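Structure record follows, encoded as structure tokens.
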Amino acid sequence: MERRTFLNISGLALGTMLIPVFGRAVAAEELLNPLAAKFKKTLADTALNAATGAGASYCDVRIGRYLNQFITTRDLNVENVTNTESAGVGVRVICNGAYGFAATSDMSPDSVANAARQAVAIAKANAKLQPEPVRMAPASGVGEVSWATPIKKDWRTVPIKEKAELLIAANKAGMEGGASFMQSLMFQVNQQKYFASTDGSYIDQDIHRMWMPMFATAVDKATNKFRSRQGLSAPVGMGYEYLDARAEHKVQAAGGVATLYTGSYDLIEDARAAGRQAKQKLTAKSVAPGKYDLVLSPEHLWLTIHESVGHPTELDRVLGYEANYAGTSFATLDKWQSKKFKYGSERVNIVADKVTPGSLGAVGYDDEGIKCKQWDIIKDGILVNYQATRDQAHIIGEKESQGCSYADSWSNVQFQRMPNISLSAGKHKLTPDQMVKDVKKGIYIVGDGSFSIDQQRYNFQFGGQLFYEIHNGKIGAQLEDVAYQSNTQEFWNACSAICDESDWRMNGSFFDGKGQPAQVSIVSHGASTARFNGINVINTARKIG
Amino acid sequence: MKILSQEETRRICDRVMALTKADQCIVKLNGNRTGNIRYARNNVSTAGLLEDTQLSVSVAYGKRQGTATINEFDDKSLEKVVRRAEDLARLAPENPEFVPAVGKQIYKPSETYSKKTAAIDPEFRAQTAAYSIEASRKSKLVCAGFFTDSTSYATIANSNGVFGHQEETSLDFTCTVRTEDGRGSGWVKRSATDVSRFDAREASAVAIEKALRSVDAKALEPGRYTVILEPAATSDLIGFMLSGFNARGADEGRSFLSKKGGGNRLGEKLFDQQVNIWADPWNLDVPVLPWDDNTMLPRERTALIKDGRVAALDYSLYWARKQGVRPIGGHGNMIMAGTSKSTAELIANTKKGVLVTRTWYIRLVDPQSVLLTGLTRDGTFYIENGKIKHPIKNFRFNESPVSMLNNIEEIGKPQVIAGDEVQYSMLIPPMKVRDFNFTSLSDAV
């Protein structure tokens, strides 16, 4: 039985969130001392030489040191503070036209050279079963370069006490706001990644990420009802400055139903609102099922983009490499080759990138040493491209990789992962409030909720956090029990308006799963508020026992 | 990596505990060697071997606790990990819900280890992949699969006298077979502790047959249908529901097991009379460690649902103490009572219905009713007059496992199935269930 190690970070029955635990716990002070670049280069050269000496035609080495800190709180208690470190070396080779991979946590030259030779041996064994050799798109070595997430405050230097007090203050605010129970967490990540390849690249990167999930639950024991509202923060590729709660980073949702956040987040303010709104949900009107025009905030729409555009345009899924796990894709090569496949309405433009500042996907170079960039996936509603790595570029006629290679650990082999996939802002001036004015019968949805989509990405169902009735151009009563079901192509062709650049912001996923053995990735999705006409809404309330 | 013996791990644990003067010390030691092979498009795509080991030390001063881990076991490293745990414990805020570690326990060994599984080598993995690749090629089909095997040990100890050590082996195999035109898809999953219970040829044949039979699916109107759910169609639904058998959530009013006005629904009849589900670490089909890593308490054979009634809830040490309940080790497996009937017999007894091979992408829609949504996948068929009539297009469902287990008409013979996203080893029968709620059609194959 496949046993995975998970850290249960939530006491919420059935709302339980399981996160994979990597590495070993370490004292915070140790996290600040990076491995010397010279040490890493020497170690990398040892592996490169061992691999080529054993017959590899190509080799890349990833020396990783992954540092995480998780703080979990429940009501007024700190449940757990965990520091983890995972360090080691992963070696990938091509020999006789096939891949081989081996990894070791022992960073001695002998052990690393041995891993490289093991990788070559595995490649030689795999080559016997492989009819076509791996074809890597050309890439010139970039020499010795470095890149770092442009952070302003390093989470590693902020005292645990200060962070714990912030989370407890948020929980207190949520309970004052009306929640019966609160939970807030802080995930802090620092990945020190060194990449070297036989192409002549030696790339040193220092990557930082943060996420502050929060859950407010209101209980009415008399009616035996309970409802939750999650926080509206975004996971970010930023430092601790994301918690600065700056006034200029606050925006009002349509109709003033919620405060939303851009460049920084006010955890305490959002917790108080979450407590209040969780309580309001207990008495909110249950939705009447039927067709509605949906007005979706970026805090909601990111997840729909992720599932219905991000995953189906992953080239490995399209080709069948994920058939046994995540599935394949409806967005087949013939649809792309036709240059006519209408993925969405003409106002739908979807862009892939790994360069947007503050995004989870932003790095200087991917895990194949390719410099990151931006490109179109859907242009004026037509499918125009996919997401590819070096060995896939030739399949879609690209001369070079799009830089989509990622591994979640030094111990796992890199493969194609989703870059940031974002809906471009509308070209004409339009605010969410103006958008709502044109809606006769609709629902405004803020925040992401339940999500499910089939293995080829046709049929999906999404919930949300906050739902408001729109009647004759005005936002009305709060609704509950809302989920919408649609088909990807129908949904994106029903896109009837997109707000302008001033409303564009990102959200994303800290734990996106793919591959066997499963690896988690991080990805952001930007959008402005957008409207989708005539979407099927179901009522999810049920009675049991 | 060397799989450490009981004597070796005991020596390490004793050395760690002797290094600290904290009020209590908890030691956990784990090591594993995991091999895998992955294939797609009838070709091996990756193969690998990963070895990992971890020593975790938790110490407490009063109600302050700190944890640190390390993967080296020399004296200097042991000293370092203990000092780190002590430092973190001194920095940690006092936890009002802290409960001291349990005292000495007796763990009756379970059969979690197989020598044959531990001996699996790269050749065996390659051969496993080759069976499904060759058989698929012969039938002009395309397969993708993953085989992984693991050998590991787990050791627990604490300064109040606890010591437990046991070795484990496991394997998991999944294979998806599709027709070249993408109009048919079949799937199979097999899990075992002992590799002699695994047959790659038999498993691949199941996926191949489902792929061939699922071509040319017809659309059936969404709605409520009598369904025959194979074990892989219910494992995650039932597992999901059981993960909510948590006493604290129920007592606090935030669970489907909360009672109106306060308290929980332990003892209430929520399911059909035929439903009996229990946990048993010593079951030979789905053995698990005889202790729960979290509480360090021994696992027991425990009825979870007895004749349709909620028979047990999970208690943390803190909540058990607060509520005055005797806590037991959290369960690691789940066994549902069945009959000797095969899936074929259930089909033969069905006038009109839908056979579901597997459900997928299951997410919680409403915790109040455990309403789950997800989709059927890799073999959905229409049954008429006791026979499979033709394949049908996949459905999205919105259904609560509580309702599902209330609407049982007939139960078959339990089979071993590991959860997809749920972390239990399970023995689940195929079931015939009425009024299963399909809410829309999916074009996915």
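The values are calculated or read from the model by the stated rules, or taken from the named source; none is laboratory data. No experiment lies behind these values; they were computed from the predicted model shown. Note: ideal-geometry Cβ built from the backbone for every residue, glycine included; neighbour counts use all protein chains shown.
Assorted remarks:
- Checked against (1) buried (at least 18 other Cβ atoms within 10 Å of the Cβ); (2) modelled with pLDDT under 95, B:L297 meets all criteria but (2).
- Set side by side, the residues A:S422, A:S409 differ, and just one is among the polar types (S, T, N, Q) and either more than 14 Å from chain B (Cβ to nearest Cβ) or free of Cβ contacts under 8 Å to residues at least 24 places away in the same chain (or both), which is A:S422.
- Taken over segment A:219-251, the residue count meeting the criterion of being part of a loop (DSSP other than H, G, I, E, B) and not polar (S, T, N, Q) is 11.
- Within segment A:473-490, if we keep just the residues that are of a type in the set (A, V, I, L, M, F, W, C) and crowded, with 20+ Cβ neighbours inside 10 Å, the residue that is farthest from the other protein chains (Cβ to nearest Cβ) turns out to be A:I475.
- Scanning segment A:81-110 for residues being among the polar types (S, T, N, Q) and within 16 Å of A:T52 (Cα to Cα) gives a total of 1.
- Pairs, first part of a loop (DSSP other than H, G, I, E, B) in segment B:1-21, second surrounded by fewer than 15 Cβ atoms within 10 Å (Cβ to Cβ), C-beta under 8 Å, six or more apart: B:L19/B:E79
- Residue that is surrounded by the fewest Cβ atoms within 10 Å (Cβ to Cβ), among those in segment A:237-258 that are touching a residue at least 24 places away in the same chain (Cβ under 8 Å), under 30 Å from A:A362 (Cα atoms) and in contact with a Leu (Cβ under 9 Å, 6 or more places away or on another chain): A:A245
- Each residue in segment A:518-545 was checked for being within 12 Å of chain B (Cβ to nearest Cβ), over 24 Å from B:R396 (Cα atoms) and surrounded by 18 or more Cβ atoms within 10 Å (Cβ to Cβ), and 1 pass.
- Filtered residue count, segment A:341-355, keeping only those that are assigned to a loop (DSSP other than H, G, I, E, B), under 19 Å from the mean Cα position of the chain (by Cα) and either modelled with pLDDT under 95 or buried (at least 19 other Cβ atoms within 10 Å of the Cβ) (or both): 1
- The lone exception for A:Q183 - which of (1) of a type outside the set (D, E); (2) within 14 Å of chain B (Cβ to nearest Cβ); (3) over 24 Å from A:Y444 (Cβ atoms); (4) over 22 Å from the mean Cα position of the chain (by Cα) it fails: (4)
- Residue satisfying condition, being in a strand (DSSP E or B), outside the structural domain of A:G369 (by TED's automatic domain parsing), crowded, with 18+ Cβ neighbours inside 10 Å and modelled with pLDDT under 95, within set A:A123, A:A115, A:A102, A:A164: A:A102
- Inter-residue pairs, beta-carbon under 8 Å, first more than 10 Å from every other protein chain (Cβ to nearest Cβ) and at negative phi and in segment B:415-444, second among the aromatic types (F, W, Y) and assigned to a strand (DSSP E or B), 6+ apart: B:F436/B:Y225; B:F436/B:F397; B:F438/B:Y225; B:F438/B:F395; B:F438/B:F397
- The residue that is nearest to the chain's Cα centre (by Cα), counting only those in segment B:16-29 that are of a type outside the set (S, T, N, Q) and more than 14 Å from B:G161 (Cα to Cα), is B:L29.
- Residue within segment B:174-188 that is surrounded by fewer than 20 Cβ atoms within 10 Å (Cβ to Cβ), under 18 Å from the mean Cα position of the chain (by Cα), touching a residue at least 60 places away in the same chain (Cβ under 8 Å) and not assigned by TED's automatic domain parsing to the domain that holds B:N407 present: no
- Residue within segment B:337-351 that is within 14 Å of chain A (Cβ to nearest Cβ), surrounded by fewer than 22 Cβ atoms within 10 Å (Cβ to Cβ) and in contact (Cβ under 8 Å) with a residue 40 or more places away in the chain present: no
- Flag if B:D285 is within 14 Å of another protein chain (Cβ to nearest Cβ), touching a residue at least 60 places away in the same chain (Cβ under 8 Å) and assigned to a helix (DSSP H, G or I): no
- Taking every residue in segment B:82-105 that is within 26 Å of B:R321 (Cα to Cα) and of a type in the set (D, E, K, R) and pairing it with any residue that is assigned to a helix (DSSP H, G or I) and at pLDDT 90 or above, at least 6 positions away or on another chain, the pairs with Cβ-Cβ distances below 7 Å are B:E97/B:Y318.
- Residue count for segment A:485-528 satisfying the condition of being touching a His at 6+ places or on another chain (Cβ under 9 Å) and assigned to a loop (DSSP other than H, G, I, E, B): 1.
- Matching residues, segment A:364-385, being buried (at least 19 other Cβ atoms within 10 Å of the Cβ), of a type in the set (A, V, I, L, M, F, W, C) and in contact with a strand residue (DSSP E or B) (Cβ under 6 Å, 6 or more places away or on another chain): A:I377, A:I378
Residues checked against (1) surrounded by 24 or more Cβ atoms within 10 Å (Cβ to Cβ); (2) more than 24 Å from the chain's Cα centre (by Cα):
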position	(1), (2)
B:V370	yes, no
B:R377	yes, no
B:N406	no, no
B:P414	no, no
B:I417	yes, no
B:E421	no, no
B:M431	yes, no
B:R434	no, yes
B:V445	yes, yes
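- Any hit, segment B:192-208, residues being in a strand (DSSP E or B) and in contact (Cβ under 8 Å) with a residue 40 or more places away in the chain: yes
- Filtered by the rule that a residue be touching a Ser or Thr at 6+ places or on another chain (Cβ under 9 Å) and β-branched (V, I, T), segment A:329-370 gives A:V348, A:I350, A:V351, A:T356, A:V363, A:I370.
- Residue satisfying all of: in segment B:242-275; part of a helix (DSSP H, G or I) and within 8 Å of chain A (Cβ to nearest Cβ); farthest from B:L405 (Cα to Cα) among these: B:R248
- Among the residues of segment A:291-320, the ones that are within 12 Å of another protein chain (Cβ to nearest Cβ) and either assigned to a helix (DSSP H, G or I) or touching an Asp or Glu at 6+ places or on another chain (Cβ under 9 Å) (or both) come to 8 in all.
- Filtering segment B:354-367 for residues that are without any contact (Cβ under 8 Å) to a residue 24 or more places away in the chain, at positive phi and outside any loop (DSSP other than H, G, I, E, B) leaves a non-empty set.
Listed here are the residues, each with its yes/no results for (1) under 30 Å from A:A116 (Cβ atoms); (2) assigned to a helix (DSSP H, G or I).
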residue	(1), (2)
B:S45	yes, no
B:L50	yes, no
B:Q54	yes, no
B:V57	no, no
B:A68	no, no
B:L78	no, yes
B:E86	no, yes
B:E97	no, no
B:G103	no, no
